[in-house]
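Asker: To start, I am sharing the structure in question, which I have written as structure tokens.
The numbers here are math on the coordinates, done by the rules we state, and not lab data. Note that the structure is a prediction, hence the values are computed from the model and not measured. FYI the Cβ positions are ideal-geometry reconstructions off the backbone, even for glycines, and counts take in every protein chain you see.
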Amino acid sequence: MKLVLKFFLILTAMSWAVMAAADSGYDKQKVVYHINYDDPKQQAGALRNIQNHINAVGEENLDLKVVLHGNGLALLLDPDALVNVPKFKTANATDDMTAKISSLKDQGVNFHVCANTVNGRKVDYENDLYDVDKADIVPSGVAEVARLQAMGYSYIKP
């Protein structure tokens, strides 16, 4: 009887381990990443965080938005446009950075750009910013972050 009980306990423990391993994935997530700084290394790190997030959760389980305002628009600002937009210290949309941005977009990531910053800093979104359409522009970056949080998006500031 002890042998049967011991066998049953081992079998139960193994079943729990198998179920735990099968259930180690993540549920669907809604996340907003907030970028309002212009440091290219920090922005590259944020893009790595986003890619790592996608790799861990799976793009099919992730609704991910990136909200850019203020100095954060430097992520999408073409270096050649810096002469036209003197209110930015850096323009980080280099070939390497734009390749990462395109890859993230291909995986379903949406980039939201603050209209207040575009207008206030006199940015021509069609010519100065990398791959930004009118539909990507939101009235206010800060208000967009708050709106998304109210909709249940988790806030991340990398």
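Asker: What ranking of TYR155, TYR33, TYR130 emerges when the number of other C-beta atoms within 10 Å of each C-beta is taken as an exposure proxy, fewest first? Mind showing how you got there, number by number?
Answerer: Details: TYR155 13, TYR33 23, TYR130 19.
Listing TYR155, TYR33, TYR130 from fewest to most nearby Cβ atoms yields TYR155, TYR130, TYR33.
Asker: Ordered by residue, what ³J(HN,Hα) values in Hz, to whole numbers, does the stretch 85-90 give under the Karplus form 6.51 cos²θ - 1.76 cosθ + 1.60, where θ = phi - 60° and Gly and Pro are x?
Answerer: In residue order, the calculated couplings are 10, x, 7, 10, 7, 9 Hz.
Asker: At 0.36 nm per residue, minus the direct Cα-Cα distance, what do ASP27 and GLU59 gain on full extension? Give it in nm, one decimal, please.
Answerer: Details: separation 32, 0.36 × 32 = 11.52 nm, distance 1.14 nm.
Once the chain is fully extended between ASP27 and GLU59, it gains 10.4 nm.
Asker: Separate question: Of ALA93, CYS114, TYR155, which is farthest on the positive side of the dipole of the stretch 29-156, counting Cα position, with +1 on Lys and Arg Cβ, -1 on Asp and Glu Cβ, and the Cα centre as origin?
Answerer: TYR155
Asker: Right, something else. Step through the residues of the stretch 40-57 one at a time and calculate ³J(HN,Hα) from phi using the Karplus curve (6.51 cos²θ - 1.76 cosθ + 1.60, θ = phi - 60°), rounding each to whole Hz and writing x for Gly and Pro.
Answerer: Karplus-based 3J(HN,Hα) across the stretch 40-57 equals x, 5, 5, 5, 4, x, 5, 5, 5, 4, 5, 5, 4, 4, 4, 4, 6, 8 Hz.
Asker: Listing LEU62, LEU73 from the residue with the fewest other Cβ atoms within 10 Å to the one with the most, what is the order?
Answerer: On the way: LEU62 19, LEU73 29.
Lowest count first: LEU62, LEU73.
Asker: Let's see if you can work this out: charge +1 on each Lys and Arg Cβ, -1 on each Asp and Glu Cβ, no other charges. What is the dipole magnitude of the stretch 29-156 about its Cα centre, in debye to the nearest 20? Display every interim value, and only then the final one.
Answerer: Working: 12 positive and 17 negative charges, 104 e Å.
It works out to roughly 500 debye.
Asker: With the dipole of the stretch 29-156 worked out from charges on the C-beta (+1 for Lys and Arg, -1 for Asp and Glu) around the Cα centre, which of LEU129, VAL57, VAL142 lies farthest toward the positive end?
Answerer: VAL142
Asker: A further question follows. Report, by chain and number, residues whose modeled amide H sits under 5 Å from the one on LEU62, excluding near sequence neighbours (fewer than 5 apart, same chain).
Answerer: GLN29
Asker: For a footprinting-style exposure proxy, rank ASP78, ASP39 by other Cβ within 10 Å, fewest first.
Answerer: Details: ASP78 17, ASP39 14.
Going from sparsest to densest Cβ surroundings: ASP39, ASP78.
Asker: Starting from the Cα of LYS89, draw a straight line to each of the lysines and keep only those under 26 Å, dropping any in the same chain fewer than 8 residues away.
Answerer: LYS41, LYS65, LYS100, LYS105, LYS122, LYS134, LYS157
Asker: Continuing with this model, one more query. Amide H of VAL138 versus every other amide H placed in the peptide plane: which residues, excluding those fewer than 5 positions away on the same chain, fall under 5 Å?
Answerer: Residues meeting the criterion, in which the H sits 1.01 Å from N, are VAL113, CYS114, ALA115.
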